[in-house]
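Reviewing the structure listed below.
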Amino acid sequence: MRVVVADTGPLHYLVLIGEADLPHRLFGRVIIPDTVQAKLRHPCAPALVREWIASRPSWVDAMPAGPVEQLPLPSLGAGERAVIALAELHQTDLILIDDRAGTIAARGRGLAAVGTLGLLDLAGRQGLVDVGHAVARLKATNFRIRREILDALLAKHLD
C-alpha cells in the first residue's frame with residue numbers, strides 16, 4: 001500500500017461521481033492538507049462533498065502542511081503548495097491533483113502527479129471502475145476538460 005497526498009479537485013469530483021473510495025482502493029492511505037479539508041467543507045462546496053468530508057473515511061488523514069509560504073512556488077494557490085509540501089514532508093512520490101500549474105510544479109520537484117482522469121484510467125485498467133460510466137457521471141458535473149482528452153480515455157477502455 002502507498003500513501004498519497006490529495007488536492008481538492010480529485011476528491012471533490014470522485015465524491016460527486018460516486019467513486020470516492022478509488023484512491024483508497026488504488027493506493028491505501030490518503031493525506032490531505034488542512035487547506036484541502038477546509039475547501040471540501042466550504043459552504044459553496046456541493047452538499048455531497050461536505051457530507052463526505054464531515055464523515056471523513058478512516059483512510060483519509062487531514063494534517064497541517066507546515067510553512068508553505070517558504071516553497072518557491074508563488075504561482076500556485078495555498079492548497080496546491082500545501083499538497084506539495086505534505087508530499088515532500090511525508091516522502092510520498094505521488095500526489096492527486098487536477099491543477100495544471102500544480103502538476104507541473106510537482107513534477108519539477110520530483111513528484112509524480114495524477115488527476116481525476118488519470119485515477120479513472122488507472123482504476124479502469126485494474127478493473128475497479130467502468131470508465132465509460134464514470135466519465136458519463138463526470139460530464140454531469142462542472143468538471144472541465146477538452147473533449148478529445150475524454151474521447152481518448154474512453155477509447156482506451158472500449159472492450
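Values quoted throughout were computed directly from the atomic coordinates according to the rules given, and no laboratory measurement underlies them. This is a predicted model, so every value here is computed, not measured. No Cβ is skipped: glycine too gets one built from the backbone with ideal geometry, and neighbour counts run over all protein chains shown.
The table below gives the values:
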quantity	calculated
Stretch gain in nm, segment residue 1-residue 149, where the contour uses 0.36 nm per residue and the Cα spacing is subtracted	50.4 nm
Hydrodynamic radius of the stretch 1-71 per Kirkwood, over alpha carbon pairs, in Å	12.4
Taking the chain and dividing mean pair separation by its residue count, relative contact order in percent (alpha carbons under 8 Å, at least six apart)	25
Cα-centred dipole magnitude for the stretch 58-159, charges only on beta-carbon of K, R (+1) and D, E (-1), debye, nearest 20	300
Burial ranking of peptide ranges 81-89, 34-42, 147-155, 133-141 (average Cβ count within 10 Å, highest at the top)	81-89, 34-42, 133-141, 147-155
Listed peptides 2-10, 55-63 by packing density, highest first (mean Cβ within 10 Å)	2-10, 55-63
Efficiency of FRET between residue 54 and residue 24 - r from beta-carbon atoms, R0 25 angstrom, step 0.05	0.90
Debye intensity ratio I(q)/I(0), log10, the stretch 1-148, q values 0.10 Å⁻¹ (C-alpha model)	-0.31
Cβ-based charge dipole, the chain, positive-most Cα from 128, 138, 112	138
Mean Cβ neighbour count within 10 Å, used as a protection proxy, ranking 107-118, 14-25 highest first	14-25, 107-118
